[in-house]
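Have a look at the structure below before the remarks.
A short reminder: the numbers here are calculations on the coordinates, not readings from a lab. What you see is a predicted model; the values in this text were computed from it and never measured. Quick reminder, even Gly has a Cβ in these numbers, built from the backbone with ideal geometry, and neighbours come from all protein chains shown.
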Amino acid sequence: MKTEPSSVLVLGKFAKILDYLTGNNVAMSVSAMSRTLGIPRATLYRLLESLQAQDIIVQRGGRYEIGLRMLTWGARALDASSVRQVVYPYMQALRQDTGLTASLYIRSGDSRICLESMPAEGATFAPWRVGEQLALHACASGTALLAWLPDDLRNQLLAASRQRFGTVPFTERTDDWWNEIRKQGWVMLGSQPSSELAGLAAPIFDRAGAPVAAIALCGTARGFANGDFDPPKIAQRLLEVTAQINETTECRQVA
């Protein structure tokens with residue numbers, strides 16, 4: 001039986017720690033990380049000391065959080081994202097045309113990551129932080145990233161997302177429901193876990209026809225209920241823009 005080199009195993013533990021810290025909004029204690037990650041405290045202390053020595057994480061009052069070096073890497077990754085560079089001006093136009101907050105998401109394993117968020121003028125909410133890992137099984141953007149995947153892969157990712165983000169509500173969907181989403185090309189859902197928000201989302205495809213990102217337009221649920229926002233009209237504009245993006249040479253070349 002083939003075993004992984006010790007250096008690979010250590011890198012895997014580093015990745016688990018960093019994923020955990022980036023997925024939490026507050027600094028975390030060693031005991032909490034040890035319980036959640038299944039890493040013995042003595043081992044975890046050594047790993048944390050190594051990361052701290054490289055300015056990848058910082059310690060504040062006995063708790064740990066992402067450091068400036070990690071933030072610098074993240075900022076450079078965002079700047080280098082070809083999808084973000086292509087989509088950015090289209091998102092600006094959508095925000096101005098609809099009066100809604102425009103956001104861009106990509107899938108990373110069993111989660112979705114916010115690459116860009118442009119709050120609408122006068123918006124009093126900020127749904128998600130750029131770079132934050134979020135449940136794939138929630139919200140319109142997660143649905144848009146999943147709907148065009150093969151059924152077996154989608155079901156695997158849904159199960160993994162539910163296990164990872166156990167506190168986020170999940171609604172079972174039928175095959176007919178997923179087919180209808182693909183037929184209309186967009187989806188509208190509430191922005192869980194906040195029931196005060198609602199949004200529409202549509203996917204962006206690569207040259208092979210696989211979903212590589214999703215644009216979401218989000219506003220208050222009250223605004224949609226009161227008729228301040230017109231979902232069919234917004235959806236039509238969203239589909240027009242995503243169609244334009246999908247036709248760009250840069251988008252077709254996204255791997």
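Below is a table of values for the structure above.
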read-out	value
Reach of Lys16 by Cα under 20 Å, taken over aspartates and glutamates that are not fewer than 8 positions away in the same chain	Glu4, Glu49, Asp55, Glu65, Asp110, Glu132
For the range 81-252: rounded, prolate or oblate by the Cα gyration tensor [a/c cutoff 1.5]	rounded
Footprinting exposure proxy for Asp230, Asp110, Asp152 (fewest neighbouring C-beta atoms within 10 Å first)	Asp152, Asp230, Asp110
Distance between modelled label sites at Val30 and Asp55, nm, 7 Å Cα→Cβ extension	2.4
Likely footprinting exposure, Cys139, Cys114, fewest C-beta neighbours within 10 Å first	Cys114, Cys139
Ranking of Ser34, Ser29 by count of other Cβ atoms within 10 Å, fewest first	Ser29, Ser34
Contact order normalised by residue count of the range 81-252, Cα under 8 Å, 6+ apart, percent	24
